[in-house]
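Have a look at the structure below before the remarks.
The values are calculated or read from the model by the stated rules, or taken from the named source; none is laboratory data. Because the structure is a prediction, the values reported are computed rather than measured. Cβ placement follows ideal geometry from the backbone for every residue including glycine, while neighbour counts extend to all protein chains displayed.
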Amino acid sequence: MAGKRLALLIAAGLIAFAPALAAHGVSGKDAVFLQSLRGAAVGPLMYLGAKHMVTGYDHLAFLVGVVFFLYRLRDVVLYVSLFTLGHSITLLAGVLGGIHANPYIVDAIIGASVVYKAFDNIDGFRYIFGVEPDPRAAVLLFGLCHGFGLATKLQDFTLAPSGLLVNIVSFNAGVEIGQALALTFVVAALALLRTRPAFMRYALVSNAALMAVGFLLVGYQLTGYFLGA
């Protein structure tokens, strides 16, 4: 019974957060702070990066899918490192290299990454299409997309060139800290859930919720793209 409640709590939490999936941009006092930056601000940018990741429910939803069936710590570290490598590359390239993309399309792809991983977790590719995509390549590829999503949030601002490199690296480091903190709780919850005899049934419910979140994000972002075009 406790396992069932935990699984339903995970699923309900994912659905409840769905309306806020696109609400983790930089705004309010954080936006004013970024606009006023002149020179390096390592600590504040690390805090802002960590805050952005913890409130970035689309990024966290994807990572929940990634670690859902990883039972060994070294596998968790491997896959999270691949994701980190991918999003670090495109975050830095997007902001420092001035590479732009439509944020609605990027965020729609991020939503699709959540759908993809949840569908993969329930063996959808093998049962329906008879193929098994390389999970490591997929995590790295979608990590690149997620990093671009982070970059588009910062590209909304005119950032002063003074200290920009240090600040962006600090922001990225903060993202990693926020990611590690969030995943600590996720991995602990999954470890508890796996001790239940009906784990596979709970896994189906949780990944169905992940897919619903991903589809909601895709629909929300594509609606924004077409209405704003």
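Name the residues in the range 71-83 that are surrounded by 13 or more Cβ atoms within 10 Å (Cβ to Cβ) and either among the aliphatic types (A, V, I, L, M) or modelled with pLDDT under 95 (or both), would you?
Scanning the range 71-83 gives V76, L78, V80, L82.
Look at T184 and say whether it is surrounded by fewer than 15 Cβ atoms within 10 Å (Cβ to Cβ) and at pLDDT 90 or above.
yes
Taking the range 136-174 on its own, how many of its residues are under 23 Å from D30 (Cα atoms), assigned to a helix (DSSP H, G or I) and of a type outside the set (V, I, T)?
Qualifying residue count, the range 136-174: 16.
Residue under question is V95, and the condition is that it be assigned to a helix (DSSP H, G or I), in contact with a helix residue (DSSP H, G or I) (Cβ under 7 Å, 6 or more places away or on another chain), modelled with pLDDT under 95 and hydrophobic (A, V, I, L, M, F, W, C); does it hold?
Numbers: assigned to a helix (DSSP H, G or I): yes; in contact with a helix residue (DSSP H, G or I) (Cβ under 7 Å, 6 or more places away or on another chain): yes; modelled with pLDDT under 95: yes; hydrophobic (A, V, I, L, M, F, W, C): yes.
For V95, the condition - assigned to a helix (DSSP H, G or I), in contact with a helix residue (DSSP H, G or I) (Cβ under 7 Å, 6 or more places away or on another chain), modelled with pLDDT under 95 and hydrophobic (A, V, I, L, M, F, W, C) - is met.
What is the number of the single condition among (1) within 15 Å of the chain's Cα centre (by Cα); (2) at pLDDT 90 or above that A189 does not meet?
Unmet for A189, out of (1) within 15 Å of the chain's Cα centre (by Cα); (2) at pLDDT 90 or above: (1).
From F129, F142, which residue is touching a residue at least 60 places away in the same chain (Cβ under 8 Å) and among the aromatic types (F, W, Y)?
Testing whether each residue is touching a residue at least 60 places away in the same chain (Cβ under 8 Å) and among the aromatic types (F, W, Y) leaves just F142.
Could you list, in sequence order, all residues of the range 175-229 that are in contact (Cβ under 8 Å) with a residue 40 or more places away in the chain and not in a helix (DSSP H, G or I)?
Within the range 175-229, R194, T195, R196, P197, A198 meet the criteria.
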